[in-house]
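J.: Below is the structure I would like to discuss, written out as structure tokens.
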Amino acid sequence: MAGAPVAWLCALFMAVAAQAQNSVRATASLSENRAAVGDPVEYRIEVTGARTASRPSSIPVEGLSITPVGQSSTFNYNPSTGLVASVIYIYQIEATRPGTFTIPAQEFAAGGVNVRTNAVTLTVVATADGRDSQAERNFFAELVIPKKTPFVGEAIPAEIRCYFSPRIRFDPPMNPVIKGEGFTVQKVTEPQQDSVIVDGQNYQVVIYKTSITPLKTGTLSVGPMVGETRVLLPRPRPRSFGNSPFNDPFFNDPFGGFGMQKSVELKSEPVVLDVKALPPGAPASFTGAIGQFTLDAEAEPRQVNIGDPLTVRLTLRGRGNFDRINPPAPLDTTGWRAYPASGKYRPDDDVKLSGVKIFEQVFVPMEKRNVLPAYELAYLDPGSGQYKTLSVPALPITVTGGAVAAPTPAAPKLSEAPAADATPKPVATPAPAKDILHIRTDGPGTGSFVPLYRRTMFWLPQAIVIAMVLGALGVYRWRHRPGRALAERALTERQRRDAISARLRDRGTRRHDFYLAAAEMAQMRAADRSGREPATLDSDAVIAICGLDPTSAGTVREIFRVRDEITFAGVDDSAQVSDTERSAALAALAKLERAPAMAVKA
Amino acid sequence: MNVPRFILMLAATLIFPLAALAETDFARGNALYESGQFADAAKAYERSVPGGAAGPNLFFNLGNAYLRAGDQGRAVLNFQRALALRPAHPEAAANLAFVRRTLSLPTPAPDGWSQTFGWLGVDTWSVVAAFGVWALVAGLVAVLGPWNRVTLGWSLIVPGMLVFGAGLTALTGLHGGARDAARAIVVSESGTRAHYAPADNSRDVQALAVGTEIRVLQDRGSWTYAELAGGLRGWVASSDLERVVPN
């Protein structure tokens, strides 16, 4: 009895399993059976009676791109069958060409059994419902070159335009490339976006600007332009699955984030140019400039010594192929040493067609000159097709100093400052310096690492001369110091008095000399006390000043009398002085020296 | 034979052969350079340096030879030496600018002293200072000499003192200008670094590219304390440096 319930359960399970095997089925369907090339169509495989299935990961059909995009699961209750699970696998189909395509039946395992879908057929037409396919394009690109007949070497503007439908989201193409050969292309500018209407359809357009320079004559195919980007396309809205809540247009809108992301390649049609050769008769100063230009020149400094460098700056302004313009050559460099010119370009626009190019060239005068070398630069005016020549007159300059031994600059090697052109020119003016200048062969030169102020030979001669000058000044000041004249006069006076005293004491002194000396001594001693001039003092004044006693006063008067007598009467001057006279005179003079000071006041 | 003539002959006997040898090495260096043997040319030029022919053209050629031989640090060093000897050496200035551009080395920014006084060279400032001294002496002579020109004298003394003061200030601040003995160039290409302390494992202050100019503040054995760009200071291995003014 115990095995009866188990037998019933087993029978029930087998019945349910058989029922399940019988109820698992798979059906395939399309959201639309007819579509245009490029229109996405949704393909569904719905498996009923199973919660999972090993759905096909890829469905290869020639001409169709079928990509799985998602799945959903549902449970449905039916009173007759009970609760039934189902799973839906969704694929995105995109036709790459028109035609009728059959998606074959797909066989796979689901719910433990193999199931097989039905085959479906999709008809793809080139146009959608007879409308113009151009108007239906979501994105496309074009290459715009306005000038179709440029000269070879002429830089012409070009634009890359990438159009996108406002229904899709897009990223601006990264690094669009213009393919082809026989021309050079400048780096494209940063993209600019705008909104335009093409054939009645509104588009967002991304514009890249550049310039193209043809390098060969004749017919030249430029392009196509190729660029890659990612777009977010709107999902198709299946007509037969309208009962799904996901059929709301919101879930198809790429701007809601529910679109279909796709990498796409934008490709334009090529543009054919008819490139003209340069007209014959190019001037010698034509170095490849094509466009419209002006040329100015300035030099600095304008006053130099022989051997000192100066810089000539040529400013070329305008619009044209600046990247192919070499520095103009100076016409006559006699008396100058010319160094390679360098060029620096400053564009005024994004495509570098217009701007300012500055050439700088260093000159060293080797002799006295009053003008700098003149310049000429010829260019081709593409508008008129004629060559025009820009001239820079010789700038005035002042070169001073004596002639120096002109160094002989070695001819630059090919690797050093290469010449711009093999054509003979007035002077070899190489292209902008891309290498070092050549070695000097005119001797090692002279110089010292010791600054002038630290050289003995700079200061020593000056110090010697200054010391001599200051020494002479010191001697002068010493000799002319204050009080020196008085001292010298006192010394002279003392010497004179000593001489007079010696004469007075000398017994061999003649009478004439003795009395002259005695009178003078008396005057000097009286003058010392009175401060008066000695020669103005007579015997009375001396006696009064010195306050002599009568004896000494008489002796002084006798001295002055005899002196006057000898001087004015011409008495015999060979007579000798007696000892008595000498003693009396000397005694009187001694009293004069010892006379009290009060006598001076008297 | 008198003594001065003997001394002259002795000097000629000793110096002229050295100069002749130097000229020979210079010419040999030129020939080697022309033939593309740049390393040998550099050696020949280097030989002529102690021989007394150390002129600006020699250092310029030496810089070229080193640059061609791939030694960019010594190329910068010798272009700087040529410019130190002759500031208006256009070829050396052009090639130094080229190397700096190649190495992406910034042109050293002039300091405040150079901005203030650099418009005249150090030698010119020396002459200015000497001129001030002479004006001072002339003023003293005018005032204290036999002519007794007091007004003239003071009108010489005061400007003379000012000019001498300006010259002395400039010479003090400029440190010899381009011939500053403290200038040094990084010649090592093996990643020279300035450290916070004189030790290899010390933290880095700054990485120094070859050709960078620094100013030596102090030498201590195998390390050099230097002033770097931006006012920074750090210790650099002395073997990575060479002075612009040769020792």
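The values are calculated or read from the model by the stated rules, or taken from the named source; none is laboratory data. These numbers come from a predicted model, not from an experiment. Glycine gets a Cβ as well: all are built from the backbone with ideal geometry, and neighbour counts include every protein chain shown.
J.: Tell me, please, whether a residue that is crowded, with 21+ Cβ neighbours inside 10 Å, part of a strand (DSSP E or B) and not small (Gly, Ala, Ser) can be found in region A:173-182.
T.: Yes, the conditions are met somewhere in region A:173-182.
J.: Right, next: Test of understanding: among A:533, A:488, A:493, A:520, which residue is out of contact with any Leu (no Cβ under 9 Å at 6 or more places or on another chain), acidic (Asp, Glu) and closer than 30 Å to residue B:147 by Cα?
T.: A:488
J.: For residues in region B:43-100 being in contact with a Lys or Arg (Cβ under 7 Å, 6 or more places away or on another chain) and more than 9 Å from chain A (Cβ to nearest Cβ), which is surrounded by the fewest Cβ atoms within 10 Å (Cβ to Cβ)?
T.: Filtering first and then ranking leaves B:44.
J.: Then there is this: Just the residues that are among the basic types (Lys, Arg) and either over 30 Å from residue B:183 (Cβ atoms) or facing chain B (nearest Cβ under 8 Å) (or both), please, taken from region A:449-476.
T.: A:454
J.: While we're here: Please enumerate the residues belonging to region A:348-360 that are touching a Pro at 6+ places or on another chain (Cβ under 7 Å) and closer than 14 Å to residue A:338 by Cα.
T.: A:359
J.: Would you tally the residues in region A:312-321 being away from chain B (no Cβ under 14 Å) and more than 13 Å from residue A:377 (Cα to Cα)?
T.: Total satisfying the criteria: 5.
J.: Looking at (1) in contact (Cβ under 8 Å) with a residue 12 or more places away in the chain; (2) in contact with a Phe, Trp or Tyr (Cβ under 8 Å, 6 or more places away or on another chain), which is the one condition that is false for residue A:143?
T.: Failed condition: (2).
J.: Something else: Being among the charged types (D, E, K, R), more than 22 Å from the chain's Cα centre (by Cα), part of a helix (DSSP H, G or I) and modelled with pLDDT under 85, is that true of even one residue in region B:3-15?
T.: Looking for residues that are among the charged types (D, E, K, R), more than 22 Å from the chain's Cα centre (by Cα), part of a helix (DSSP H, G or I) and modelled with pLDDT under 85, one finds at least one in region B:3-15, hence yes.
J.: Okay, next question. Has region A:26-33 got at least one residue that is modelled with pLDDT of 80 or more and either touching an Asp or Glu at 6+ places or on another chain (Cβ under 6 Å) or aromatic (Phe, Trp, Tyr) (or both)?
T.: Yes, the conditions are met somewhere in region A:26-33.
Each row is one residue, and each column tells you yes or no for (1) free of Cβ contacts under 8 Å to residues at least 60 places away in the same chain; (2) under 15 Å from residue A:454 (Cβ atoms).
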| residue | (1), (2) |
| --- | --- |
| B:165 | yes, no |
| B:169 | yes, no |
| B:172 | yes, yes |
| B:181 | no, yes |
| B:187 | no, no |
| B:190 | yes, no |
| B:195 | yes, no |
| B:207 | yes, no |
| B:210 | no, no |
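J.: Please verify whether residue A:577 is on the phi < 0 side of the Ramachandran plot and touching a strand residue (DSSP E or B) at 6+ places or on another chain (Cβ under 8 Å), treating the condition exactly as stated.
T.: So residue A:577 passes the test.
J.: Let me ask another. In region B:144-174, what residues are surrounded by fewer than 18 Cβ atoms within 10 Å (Cβ to Cβ) and within 14 Å of another protein chain (Cβ to nearest Cβ)?
T.: B:144, B:145, B:146, B:147, B:148, B:149, B:166, B:168, B:169, B:172, B:173
Condition check ((1) among the polar types (S, T, N, Q); (2) surrounded by 15 or more Cβ atoms within 10 Å (Cβ to Cβ)) across all residues:
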| site | (1), (2) |
| --- | --- |
| A:32 | no, yes |
| A:36 | no, yes |
| A:55 | no, yes |
| A:60 | no, no |
| A:73 | yes, no |
| A:91 | no, yes |
| A:106 | yes, yes |
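J.: So in region A:331-373, with the set limited to residues that are in a strand (DSSP E or B), within 12 Å of another protein chain (Cβ to nearest Cβ) and among the small types (Gly, Ala, Ser), which one is nearest to residue B:89 (Cα to Cα)?
T.: The extreme case among them is A:338.
J.: Residue B:128: within 8 Å of chain A (Cβ to nearest Cβ), over 20 Å from the mean Cα position of the chain (by Cα) and in a helix (DSSP H, G or I), yes or no?
T.: No; evaluated as a whole, the condition is false for this residue.
J.: From the list A:346, A:337, A:313, pick out the single residue that is among the charged types (D, E, K, R), over 26 Å from residue A:152 (Cα atoms) and under 20 Å from the mean Cα position of the chain (by Cα).
T.: A:313
J.: For residue B:153, only one of the following conditions fails: (1) without any contact (Cβ under 8 Å) to a residue 40 or more places away in the chain; (2) under 17 Å from the mean Cα position of the chain (by Cα). What is its number?
T.: For residue B:153, the failing item is (2).
J.: On to the next question. Filter region A:34-50 down to the residues that are in a loop (DSSP other than H, G, I, E, B), at pLDDT 80 or above and not hydrophobic (A, V, I, L, M, F, W, C) and list them by number.
T.: A:49
J.: From the list A:314, A:273, A:295, A:266, exactly one residue is under 30 Å from residue A:169 (Cβ atoms) and assigned to a strand (DSSP E or B). Which is it?
T.: A:266
J.: Being more than 21 Å from residue A:187 (Cα to Cα) and either among the aliphatic types (A, V, I, L, M) or touching a Leu at 6+ places or on another chain (Cβ under 9 Å) (or both) is true for just one of A:331, A:273. Which residue is that?
T.: A:331
J.: Considering only region B:131-141, state which residues are facing chain A (nearest Cβ under 10 Å) and either without any contact (Cβ under 8 Å) to a residue 24 or more places away in the chain or more than 25 Å from residue A:457 (Cα to Cα) (or both).
T.: Selection gives B:137, B:138, B:140, B:141.
J.: Just one of (1) away from every other protein chain (no Cβ under 11 Å); (2) within 19 Å of the chain's Cα centre (by Cα); (3) crowded, with 16+ Cβ neighbours inside 10 Å; (4) more than 24 Å from residue B:247 (Cα to Cα) trips up residue B:115, so point out which.
T.: Failed condition: (3).
J.: When you check residue A:288 against the structure, is it more than 23 Å from the chain's Cα centre (by Cα) and outside any strand (DSSP E or B), yes or no?
T.: In short, no.
J.: Which is in contact with a helix residue (DSSP H, G or I) (Cβ under 6 Å, 6 or more places away or on another chain) and modelled with pLDDT under 90, of B:36, B:52, B:29, B:63?
T.: Among B:36, B:52, B:29, B:63, only B:52 is in contact with a helix residue (DSSP H, G or I) (Cβ under 6 Å, 6 or more places away or on another chain) and modelled with pLDDT under 90.
J.: Residues of region A:463-513 being among the aliphatic types (A, V, I, L, M) and under 29 Å from residue A:565 (Cα atoms), which ones?
T.: A:499, A:500, A:502, A:504
J.: Kindly establish whether residue B:39 is at the interface with another protein chain (Cβ under 10 Å from one of its Cβ atoms) and either outside any loop (DSSP other than H, G, I, E, B) or of a type in the set (S, T, N, Q) (or both).
T.: Criteria not met by residue B:39.
J.: In region A:316-334, what residues are crowded, with 20+ Cβ neighbours inside 10 Å and farther than 30 Å from residue A:158 by Cβ?
T.: Across region A:316-334, the qualifying residues are A:329, A:330.
J.: Just one of the numbered conditions (1) among the aliphatic types (A, V, I, L, M); (2) touching a helix residue (DSSP H, G or I) at 6+ places or on another chain (Cβ under 6 Å); (3) closer than 21 Å to residue A:466 by Cβ is not true of residue B:166; which one?
T.: The single condition residue B:166 does not satisfy is (2).
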